[in-house]
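One structure is given below, represented as structure tokens, and several questions about it will come after.
The values are calculated or read from the model by the stated rules, or taken from the named source; none is laboratory data. Keep in mind that what you see is a predicted model, and the values were worked out from it rather than measured. Cβ sites come from the backbone with ideal geometry, for glycine too, and all protein chains shown count toward neighbours.
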Amino acid sequence: MKKILVTGSLGQIGSELVTKMRSIYGTDHVIATDIRDNGSEVVKAGPFEILDVTDATKMYNLAKKYEVDTIIHLAALLSATAEKKPLLAWNLNMGGLVNALETARELNCQFFTPSSIGAFGPSTPKDNTPQDTIQRPTTMYGVNKVSGELLCDYYFTKFGVDTRGVRFPGLISYVAEPGGGTTDYAVEIYYEAVKNKRFTSYIDKGTYMDMMYMPDALNAIIDLMEADSTKLKHRNAFNITAMSFAPEEIAAEIKKHIPEFEISYNVDPVRQAIANSWPNSIDATAAKEEWGFKAEYNLEKMTIDMLEKLKRKLN
Ligand code: AKB
């Protein structure tokens, strides 16, 4: 049975991944860590430790203390925050990653960290973006993600660390809200639809980005980590996606369930510029072929579930 250390456990992905992994591998087999303690279920239900990922010694000591054989490294600043604080993003995103990789190397752990559609840039083919293509991102987040993909490849080829990863699209969930991302509008729109029946989008109409519902994202991590290593040709940066839509399309889908819902626009130039530099839609063929990736939720199915769960949560 795996023994897993998760960094950034109280973030958007970690908040659900820890619970799901505890249900699969056993509560005591998933050690949640984060820079803060928010008193949530993740903290209370199983092992939890405070960890700043820039503290290499503490990370190593925790991994050793719990005798983990797997590290899921999630702690990172997202695209919009990274653009506001580029130096902090470099130090946290790259410093945290290299500390986690070094811990994995020293303790012989399997390793997962997410890359992102942010690893692409304006010169990347925009539609059905291939797995292997031009990567010249123009954001600090993108620079971090491409460097991270390469660093993970390096730790595999140089040191034999079993590194794995996916390029996540925008992730949508009713459990934990994201913070500081460009795709966050696609989560906020559901909250505002349920609470106020209106939403002002900071992303302009006609802007397409890849997205995925959280249950599919969690399955992707678990399936990739369980996949037969000999079948993986790409390892660290698999394109995965479940849908691609523009703000007016998600709004139209919500309107089917909340007819009074209205969307308006007040475009944020920083986040719009980031979105404009990313693909409209990416091609996930390699992930499907090499480890059987599939997504269950499209926009229609996700919207039904999001609205139902949020109505329950917010009322
Ligand atoms: C962001 O918007 O920064 C993230 C991502 C796509 O990596 N959600």
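Considering only residues that are among the hydroxyl-bearing types (S, T, Y) and part of a loop (DSSP other than H, G, I, E, B), which ones fall in the stretch 94-130?
Of the residues in the stretch 94-130, the ones among the hydroxyl-bearing types (S, T, Y) are 103, 113, 115-116, 123-124, 129.
Matches in the stretch 94-130: T113, S123, T124.
Is it true that V187 is buried (at least 18 other Cβ atoms within 10 Å of the Cβ) and out of contact with any helix residue (DSSP H, G or I) (no Cβ under 7 Å at 6 or more places or on another chain)? Quick ask: steps written out before the conclusion?
Working: buried (at least 18 other Cβ atoms within 10 Å of the Cβ): yes; out of contact with any helix residue (DSSP H, G or I) (no Cβ under 7 Å at 6 or more places or on another chain): yes.
For V187, the condition - buried (at least 18 other Cβ atoms within 10 Å of the Cβ) and out of contact with any helix residue (DSSP H, G or I) (no Cβ under 7 Å at 6 or more places or on another chain) - is met.
Mind checking which strands (runs of 3 or more DSSP E) fall wholly inside the stretch 193-290 and carry at least 1 residues that are buried (at least 18 other Cβ atoms within 10 Å of the Cβ) and within 16 Å of the ligand (Cβ to nearest atom)? It would help to see each step written out before you state the result.
On the way: elements: 198-201, 209-213, 243-245, 262-265.
Strands (runs of 3 or more DSSP E) meeting the threshold: 198-201, 209-213, 243-245.
Please pick out the residue among D223, D216, D204, D228 that is over 22 Å from the mean Cα position of the chain (by Cα) and in the same structural domain as P114 (by TED's automatic domain parsing).
Numbers: D223 fails: over 22 Å from the mean Cα position of the chain (by Cα); D216 fails: over 22 Å from the mean Cα position of the chain (by Cα); D204 fails: in the same structural domain as P114 (by TED's automatic domain parsing).
Selected residue: D228, the only one of D223, D216, D204, D228 that is over 22 Å from the mean Cα position of the chain (by Cα) and in the same structural domain as P114 (by TED's automatic domain parsing).
State whether the residues of the stretch 32-44 include one that is touching a residue at least 24 places away in the same chain (Cβ under 8 Å), within 20 Å of the chain's Cα centre (by Cα) and closer than 12 Å to K3 by Cα.
Yes: one or more hits.
Given L88, L150, which one is touching a helix residue (DSSP H, G or I) at 6+ places or on another chain (Cβ under 9 Å), outside any loop (DSSP other than H, G, I, E, B), surrounded by fewer than 16 Cβ atoms within 10 Å (Cβ to Cβ) and without any contact (Cβ under 8 Å) to a residue 12 or more places away in the chain?
Details: L150 fails: touching a helix residue (DSSP H, G or I) at 6+ places or on another chain (Cβ under 9 Å).
Result of the check over L88, L150: L88.
Right, next: Looking at the stretch 70-85 only, could you name the residues that are among the charged types (D, E, K, R) and crowded, with 17+ Cβ neighbours inside 10 Å?
Step one: list which residues in the stretch 70-85 are among the charged types (D, E, K, R), which gives 83-85.
The answer is E83, and nothing else.
While we're looking at this one, here's another question. Out of all the residues in the stretch 166-184, is one or more more than 16 Å from the chain's Cα centre (by Cα), surrounded by fewer than 23 Cβ atoms within 10 Å (Cβ to Cβ) and not hydroxyl-bearing (S, T, Y)?
The initial filter retains those residues of the stretch 166-184 that are more than 16 Å from the chain's Cα centre (by Cα), namely none.
No, that holds for no residue.
Can you tell me which of (1) surrounded by fewer than 22 Cβ atoms within 10 Å (Cβ to Cβ); (2) within 13 Å of the ligand (Cβ to nearest atom) is the one K145 doesn't meet?
K145 satisfies every listed condition except (1).
Give K158, K145 a once-over and let me know the one that is outside the structural domain of E260 (by TED's automatic domain parsing) and without any contact (Cβ under 8 Å) to a residue 12 or more places away in the chain. Steps first, please.
On the way: K145 fails: without any contact (Cβ under 8 Å) to a residue 12 or more places away in the chain.
Result of the check over K158, K145: K158.
Quick one: would you say G118 is within 16 Å of the ligand (Cβ to nearest atom), crowded, with 23+ Cβ neighbours inside 10 Å, closer than 24 Å to L5 by Cβ and in contact (Cβ under 8 Å) with a residue 40 or more places away in the chain?
Numbers: within 16 Å of the ligand (Cβ to nearest atom): yes; crowded, with 23+ Cβ neighbours inside 10 Å: yes; closer than 24 Å to L5 by Cβ: no; in contact (Cβ under 8 Å) with a residue 40 or more places away in the chain: yes.
So G118 fails the test.
In the stretch 153-183, which residue that is in a loop (DSSP other than H, G, I, E, B) and of a type in the set (S, T, Y) is farthest from the ligand (Cβ to nearest atom)?
Y174
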